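The values are calculated or read from the model by the stated rules, or taken from the named source; none is laboratory data. A quick note: this is a predicted structure, and the numbers were derived from the prediction, not measured. Positions of Cβ are generated from backbone atoms using ideal geometry, with glycine treated the same way; all protein chains shown enter the neighbour counts.
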Amino acid sequence: MAVAAIRVLVQQEDFKLDDLMARLREAKPQIGAIACFVGTVRDVNDGDSVSSMFLEHYPGMTEHSLELIAQQAVSRWKLEAVSIVHRVGLLRPLDQIVAVLTASAHRQDAFESCQFVMDFLKTEAPFWKKEQVAEQSRWVQARASDEEARKRWL
């Protein structure tokens with residue numbers, strides 16, 4: 001059995017979903033399903049208008065954490081490829097933050113693994129978010145709902 005291709009990028013630049021999908025499918029004719037999640041910056045959080053968000057990370061540690069999450073998905077599902085792209089730096093409402101793509105021969109493995117990767121990324125990956133609301137900034141706290149979503153996979 002071929003080893004699943006894992007690609008992890010942490011970058012400031014925006015990404016194009018078409019390019020990510022094309023790269024995922026390269027030389028993998030056995031792929032029959034690709035599941036994709038794209039997260040964007042919301043303009044409201046906790047009832048306040050958000051004008052921007054600044055994402056920080058720990059270089060090297062962040063990429064390693066994302067690779068471990070992808071490897072966990074590959075060990076649980078029959079996957080051909082996993083791609084994770086996460087942006088850092090200054091982002092504005094509607095900007096893309098994250099893309100997770102999982103590819104397999106069949107849709108169920110792709111759907112479930114994509115959700116697994118996002119659930120673990122939200123709770124395990126070392127990213128810190130600071131929102132600009134009105135005339136002040138605030139750090140975004142972890143949500144209990146994210147932890148609950150992760151627990152269902154344990």
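A few notes on this one:
- Subset of segment 49-97 [under 20 Å from Lys129 (Cα atoms) and either among the basic types (Lys, Arg) or in a loop (DSSP other than H, G, I, E, B) (or both)]: Tyr58, Pro59, Gly60, Arg87, Val88, Arg92, Pro93, Leu94, Asp95
- Sub-7 Å Cβ pairs linking a first residue in segment 16-43 that is touching a residue at least 12 places away in the same chain (Cβ under 8 Å) to a second residue that is exposed (fewer than 10 other Cβ atoms within 10 Å of the Cβ), at least 6 apart or interchain, are Thr40/Leu94; Val41/Leu94, ordered by first then second residue.
- Remark: Trp128 matches the filter, which requires a residue to be surrounded by fewer than 13 Cβ atoms within 10 Å (Cβ to Cβ), at negative phi and touching a strand residue (DSSP E or B) at 6+ places or on another chain (Cβ under 8 Å).
- Looking only at residues of segment 9-48 that are at pLDDT below 95, of a type in the set (Lys, Arg) and in a loop (DSSP other than H, G, I, E, B), we find that the one that is surrounded by the fewest Cβ atoms within 10 Å (Cβ to Cβ) is Arg42.
- Residue within segment 63-80 that is in contact with a Pro (Cβ under 8 Å, 6 or more places away or on another chain) and at pLDDT 95 or above present: yes
- The number of residues in segment 131-148 being surrounded by 14 or more Cβ atoms within 10 Å (Cβ to Cβ), touching a Phe, Trp or Tyr at 6+ places or on another chain (Cβ under 9 Å) and not charged (D, E, K, R) comes to 2.
- Positions within segment 100-123 being buried (at least 21 other Cβ atoms within 10 Å of the Cβ) and either of a type in the set (Lys, Arg) or in a helix (DSSP H, G or I) (or both), in sequence order: Asp109, Ala110, Ser113, Cys114, Phe116, Val117, Phe120, Leu121
- Take the conditions (1) closer than 19 Å to Trp153 by Cα; (2) surrounded by fewer than 21 Cβ atoms within 10 Å (Cβ to Cβ); (3) under 13 Å from the mean Cα position of the chain (by Cα); Val82 misses just one of them, which is (2).
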